[in-house]
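Accompanying notes for the structure given below.
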Amino acid sequence: MAAHRCSHLVWLFLLVSLSAFLLSDSQETTLTDDNHDNEAENEQAPPESAKQTAEQPAVDERRWEATEVNEVIPGDAAADKHDSSASPTAVPVSMPQPKDDMQEELVIRPLHSGDIYASFQFRTLWETDFTKGKKVSHYRLFPKSLGQVISKFSVRELHISFTQGYWRTMQWGQPFLPSPPGAELWVWFQDSVTDVDATWKELTNVLSGIFCASLNFIDSTNTVQPSASFKPLGIGNVTDHRFLRYATLPREIVCTENLTPWKKLLPCGSKAGLSVLLKSEKLFHSSFHSQAVHIRPVCQDWQCKTTSWELRQTLNVVFDLHTSGGAKREWSFFKMFSRTLTEACPLASSSKIFIDITDNPQEEQFELSPATPLLSQAVVLGDRRTFSVYDLTQPITFGTMRSLNLLIRWKSTEGDMLRPLLHGERYVAGYGLQTGEIHTLMYNNHPFRSFPVLLLDSVPWYLRLYVHTLTVTSKGKDNKPSYIHYQPSKDRVRPHLLEMLVQLPPHSVTEVTVQFERALLKWTEYTPDPNHGFYVGSSIISSLVPSTVAMDTNITQEQPLFSSFFPCKEESSYFMRVYTEPLLVNLPTPDFSMPYNVICLTCTVVAVGYGSLYNLLTRSFQIEEPNPGLAKRIANIIRKMRGVPPL
Amino acid sequence: MKPRDEGSSLSGLLRYRGQQDGLLTRLNAPICAVCYFAGVAWFMGLAFEPFTLRTYMSENAMGSTMVEERFPSGERALATGREFAAHKKRVGGMPVDWLVKTMQARGLEVFTQSFSRTLPFPDENKERFMVKGTNVYGILRAPRAPRTEALVLSAPCSPGDNNNQAVGLLLGLAHYFRNQIFWAKDIIFLVNEHDLIGMQAWLEGYHHTNTTGMDWSPLQGRGGSIQAALSLELSSDVITSLDIVLEGLNGQLPNLDLANLFYAFCQKIGVLCTIQGKLQRSDWDSVSGYSQAVQTMMLMVLKQASGRPWGDHGLFLRYHIEAATITGINSFRQYKTDTTTIGRLLEGMYRKLNNLLERLHQSYFFYLMPSLSHFVSIGYYMPAFGLLAVILLLRALDLWVQLSAPPPRTEDGIVDVEQSSPGLLSVLTPLVISHLTGAALYMLPIRFQDMAVEHFPVSETEAVVLTAIAVYTAGLALPHNTHRLLSGEGTEQGWRVLKLVAVLYLAVLLGCTALINFSLGFILALSLVPVAAFVTPHVPKVLSAFVLVILSPACTLLFSVFFFQELQEMPVSFQDGWLLYLSVISQGILDHSLYGSLVYPLIALLIYPCWLLFWNILFWK
């Protein structure tokens, strides 16, 4: 028995060291991923030299924590180990490594308005191949429903988001993952797919079932194939946009029924770890709610010899200070989510909470309790940010109370937010129900750099765009786009697609206007509430924006001279996508009560007028003999039997 | 020859129906008289309560769901209003910085818009000429809403001590609304300077249109398509009643459900509510009760006919935004209402509007209101106009028959020769000349104001108004000038053709006007239809000329002014009335150039020339 335990321990040690290697590997992978993925924040960047001393023990500690977690794991994993350790001779050198890996993370950014932004990310990596025909049937962390979707529809990349609310760029800055109001779905298919449209149609219906959303309303009238705006975010260099489909449903309303299936995809469900906080009654008591699923293939190692599938589930929520009874400017887990944290998800290899304290190095703006010694720095969206890190895999994080209730208490309300370098606006101009004009404004707030942006507009066919009226002006001058891709609409078949590459001059507003005519729909094409209006999805502005770090011209401080001559440090520009507001446009609407009245009236006329006339004309009239009485009838029968004529 | 044939067949038909001469032609005059009086009687009957419908909420989204009003802080709103007044006095206008700061402190996204406008001539009522101002508005962003829909609450920043309480209440409501989670539409709190001009600038900026050539800076923040708007006017801490103003630009009215909503909440909260400043009376069967209803309805008709916006809400209607102005009135009644109650009323209304799924469209857009609880829909009031309009058609028919009839036996051959050539020229010349006069009436007053000021000791405004009156009067000398242009003598057939054209023209004009703005169409029909019906060259000249002038559009306006004052229980002497009349003319011209009101061009370019045609017929030689 003792020997058995001993070998068990040996195997544990081996496992620990292996997992530690794996951890460092996966960190590197993230780094390389980030080169591909401009959207993802670089939270795992290696620590800066200045902070290295602070960070080093943390890394050590994390390793320690990893061993403990492995020991703590109950149930299946432990049983597996028992089985494997029971026959030590049979174990090969490449022991059954977990080919999948799950990380969870919560980033909290206190906003200057007093609101608070919480962003959850759950990442599952699985080194498997859905595409090569062989059937994948054993699922551990990766949700089976999505795995089957990937293999059945030959999906190369899938991005789906459900958003309730509009991200207020001017108040809140940039989100980590932007998304338009409503539902958005874009998919890259494998180039082996022959009938992309049919596959797309089927896929949307399946996804509609998985996420309990009205994605089945996606059809050819709201699907486009952007030529430049949406590139694959994973590995692979096929960029033929015939395999890309993009659709939005701006009217989709996101609620609990969408959150529940989303939570079910998580390995820990809502039982343990960060997902405990995802309670719908609080998540939907907020100013902004967005949940997304991103699936893409990523490199497993440095040489990219093997690929693995990455499933990234994100949930972004902004809590409003005022509507949460904002007399006291303070936020806690309990106030935000009505829950506190007690443990990490046991299946997660890493579970962390990041608090953005960039504007608060000396705690002059807000106070954070409990305090944490761990700090981390990362360049996020072109800006160097500092984070306090809470590692949930360490029991010390939870303190003596065995629960973590992070508290952020504001001390002062001052402080300026850095103006976002790029933001957009859109509105409908004009009045009346015949024509109108769509105005799209793009702001470049960079003081001295101009940069190009890609504008994507997908307008439903019932707004008939007059492309000859398209104007692009910035600073009062005509701004000629260097690339225009326009696909005219076909009535009831496909929408307008307009893509433009426009150079935004520094510190300017660029206005894109195009006139349209409102179509008169067939009466069956109106929605059940036609006087509400018809939605036009957000336009999408994608751009490589010059980094704020690079914008800092006063770089001579605290830097060695040899390193500070060229202004561009690290990432000189970063990718950014901005969604404008969707539009609500009224179309000429008939009075729908009128057909009803007409039908009622016609029916009455037909029933009463025509009916009685018809009756009169077709009936043959006879004079009916009065009915003989019973006695008379009996008498007649008797008379008949007697052979006497009846009475 | 073709029309003649048709005419004869038509008259033949008429003759078959009647015994010999045709019933319609023979009894034309009595039928017309009957129609006229029937029309007037029908109209007067509209105010009689048993003939009208009770108002009811058509919109389901606003009807069944009851909301709870909890606005607590009326006193604080008044304090804010006093603070606003102090800042207003200190700055001597709109305290922009203070408003921006206050709105920001309440958690709104705040934006400003500056505008400037030079009036075509000085507005003596409001003492303004070169207008420069700033609008301040704060947007309450609805949580989890994608900025597609918005509601507007506005309060004008008026000069003097007016409307401070309205601004205070607006800010109080903004503060209270901001802490609620249930908003589904953005709410825009707007404080506009220079009342309608500021509102016009803001609306044009919001919709990026420019209909009147005003200068404004573009708006920075928007909330999507505006579903409904209320404008608030409140000048005292306590009020006795709330008045709702519905009449907007060009006689447009908001959907009746908006008025219903206001009435429903007044009933629920227990606030006295009025329309046209008249309380509703329960004794509809008494004479005084009926006359109250008639007065209320007549006030609405006169206001609607004027085509001017009667509150800041009036300009929203052009953009298909349902809007009304709510005015707090403090009279000498016992029953007082405090600001908290008004706040609760507004909160309830906004919560209901917030529940809307679609734009307000279920109820009527065309209606008259003899009281807040009763309304007359378009189907009920249109027959009154129809009875007047049918007179014109009957006269036209009569003329047509007369024209197509064979020459009377008593005349000899000379007449025949004359009749064969009524001449296009004899019809066209008066038409063109009278329209040119109309164009002069439209163009000259503003164009020649400088010249008039140079040569006469008058102010610009007086110059414009007096020029307008002068041109109008000069038009009366037209027949002589017309005849000078005409080659020969006017013929009997000539005036008939001209009158036929004029009558049909008037019928079309009035019909179109009544469809857009019933009140204007009806008032014009009341005065012009008799003229059109009786004028021939053979009636006594002097008396007819007098009647014609009395019934001309300008005199109708004069009577309307006196009538309006009478209805408002503010009778004026003739002297004051005359001054008022002059200022009404200048206001009409200003409304046209500032907000695009169509009444002045309609009168000047179409109605007045049409009336001149009848004047021409009277003096036909």
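Examine region B:148-160 for a residue that is within 11 Å of chain A (Cβ to nearest Cβ) and of a type outside the set (Gly, Ala, Ser), and state whether such a residue exists.
Yes: region B:148-160 contains one or more residues that are within 11 Å of chain A (Cβ to nearest Cβ) and of a type outside the set (Gly, Ala, Ser).
Restrict the check to region A:356-377 and report whether at least one residue is among the hydrophobic types (A, V, I, L, M, F, W, C), outside the structural domain of A:Val512 (by TED's automatic domain parsing) and more than 27 Å from A:Phe122 (Cα to Cα).
Yes, because at least one residue in region A:356-377 is among the hydrophobic types (A, V, I, L, M, F, W, C), outside the structural domain of A:Val512 (by TED's automatic domain parsing) and more than 27 Å from A:Phe122 (Cα to Cα).
Can you tell me which residue within region A:186-219, out of those that are part of a loop (DSSP other than H, G, I, E, B) and either on the phi > 0 side of the Ramachandran plot or crowded, with 22+ Cβ neighbours inside 10 Å (or both), is farthest from the chain's Cα centre (by Cα)?
A:Ile218
Could you identify the single residue in A:Ile438, A:Ile408 that is under 17 Å from A:Ile116 (Cα atoms) and under 28 Å from the mean Cα position of the chain (by Cα)?
On inspection, the qualifying residue turns out to be A:Ile408.
Scan region A:427-449 and tell me whether some residue there is modelled with pLDDT under 95, part of a strand (DSSP E or B), open to solvent by 20 Å² or more (accessible area, probe 1.4 Å) and away from every other protein chain (no Cβ under 12 Å).
no
Would you confirm whether or not region A:381-389 contains a residue that is assigned to a helix (DSSP H, G or I), out of contact with any Pro (no Cβ under 9 Å at 6 or more places or on another chain) and among the hydrophobic types (A, V, I, L, M, F, W, C)?
no
Which one of A:Phe130, A:Phe120 is buried (at least 18 other Cβ atoms within 10 Å of the Cβ) and in a loop (DSSP other than H, G, I, E, B)?
Being buried (at least 18 other Cβ atoms within 10 Å of the Cβ) and in a loop (DSSP other than H, G, I, E, B) holds for just one of A:Phe130, A:Phe120, which is A:Phe130.
In a strand (DSSP E or B), touching a strand residue (DSSP E or B) at 6+ places or on another chain (Cβ under 9 Å) and farther than 30 Å from A:Met417 by Cα - does that describe any residue in region A:343-363?
The answer is yes, given that some residue of region A:343-363 is in a strand (DSSP E or B), touching a strand residue (DSSP E or B) at 6+ places or on another chain (Cβ under 9 Å) and farther than 30 Å from A:Met417 by Cα.
Go through region B:299-330 and give me each residue that's hydroxyl-bearing (Ser, Thr, Tyr), closer than 26 Å to B:Gly343 by Cβ and open to solvent by 20 Å² or more (accessible area, probe 1.4 Å).
Within region B:299-330, B:Thr327 is the sole residue that qualifies.
Failed condition for B:Asn192, given (1) assigned to a strand (DSSP E or B); (2) facing another protein chain (nearest Cβ under 10 Å), with all others met?
(2)
Can you pull out every residue in region A:165-193 that is touching a helix residue (DSSP H, G or I) at 6+ places or on another chain (Cβ under 8 Å), hydrophobic (A, V, I, L, M, F, W, C) and either away from chain B (no Cβ under 14 Å) or within 12 Å of A:Ser119 (Cβ to Cβ) (or both)?
A:Leu185, A:Val187, A:Trp188, A:Phe189, A:Val193
When B:His175 is evaluated against the numbered criteria (1) closer than 21 Å to B:Ala85 by Cβ; (2) within 14 Å of chain A (Cβ to nearest Cβ); (3) open to solvent by less than 10 Å² (accessible area, probe 1.4 Å), which criterion, by number, is the only one it fails?
Failed condition: (3).
Any residue that is open to solvent by less than 10 Å² (accessible area, probe 1.4 Å), in contact with a His (Cβ under 7 Å, 6 or more places away or on another chain) and either under 26 Å from A:Val379 (Cβ atoms) or not assigned by TED's automatic domain parsing to the domain that holds A:Thr386 (or both) - is there at least one of those in region A:143-157?
no
If B:Glu204 satisfies every condition in (1) more than 30 Å from A:Leu321 (Cα to Cα); (2) open to solvent by 10 Å² or more (accessible area, probe 1.4 Å); (3) of a type in the set (D, E, K, R) but one, which is the exception?
(2) is the only condition that B:Glu204 fails.
Among the strands (runs of 3 or more DSSP E) contained in region A:287-335, which hold 1 or more residues that are away from chain B (no Cβ under 14 Å) and hydroxyl-bearing (Ser, Thr, Tyr)?
Filter on region A:287-335 gives A:307-319, A:330-332.
Restrict the check to region B:216-236 and report whether at least one residue is aliphatic (A, V, I, L, M) and either touching a Cys at 6+ places or on another chain (Cβ under 8 Å) or at pLDDT below 90 (or both).
no
Could you go through region B:213-224 and let me know if any residue there is under 23 Å from B:Gly168 (Cα atoms), open to solvent by 10 Å² or more (accessible area, probe 1.4 Å), part of a strand (DSSP E or B) and away from chain A (no Cβ under 14 Å).
Taking every residue of region B:213-224 in turn, none turns out to be under 23 Å from B:Gly168 (Cα atoms), open to solvent by 10 Å² or more (accessible area, probe 1.4 Å), part of a strand (DSSP E or B) and away from chain A (no Cβ under 14 Å).
I need the full set of residues from region A:231-261 which are part of a loop (DSSP other than H, G, I, E, B) and either surrounded by fewer than 19 Cβ atoms within 10 Å (Cβ to Cβ) or in contact with a Leu (Cβ under 6 Å, 6 or more places away or on another chain) (or both), in order please.
Answer for region A:231-261, where residues must be part of a loop (DSSP other than H, G, I, E, B) and either surrounded by fewer than 19 Cβ atoms within 10 Å (Cβ to Cβ) or in contact with a Leu (Cβ under 6 Å, 6 or more places away or on another chain) (or both): A:Lys231, A:Pro232, A:Ile235, A:Gly236, A:Asn237, A:Val238, A:Thr239, A:Asp240, A:Ile253, A:Cys255.
As an exercise: evaluate B:Ala323 against (1) in contact with a helix residue (DSSP H, G or I) (Cβ under 7 Å, 6 or more places away or on another chain); (2) part of a strand (DSSP E or B); (3) away from chain A (no Cβ under 14 Å) and give the number of the one condition it does not meet.
Going through the list (1) in contact with a helix residue (DSSP H, G or I) (Cβ under 7 Å, 6 or more places away or on another chain); (2) part of a strand (DSSP E or B); (3) away from chain A (no Cβ under 14 Å), B:Ala323 breaks only (3).
Here is a check on your reading of the model: is B:Arg90 under 21 Å from B:Tyr176 (Cβ atoms), more than 14 Å from every other protein chain (Cβ to nearest Cβ), open to solvent by 60 Å² or more (accessible area, probe 1.4 Å) and assigned to a helix (DSSP H, G or I)?
no
The values are calculated or read from the model by the stated rules, or taken from the named source; none is laboratory data. As the structure is a computational prediction, the values presented were derived from the model and not from experiment. Glycine gets a Cβ as well: all are built from the backbone with ideal geometry, and neighbour counts include every protein chain shown. Surface areas here come from the heavy atoms of the whole protein model, side chains and all, with no ligands, DNA or RNA. Shrake-Rupley method; radii C 1.70, N 1.55, O 1.52, S 1.80 Å.
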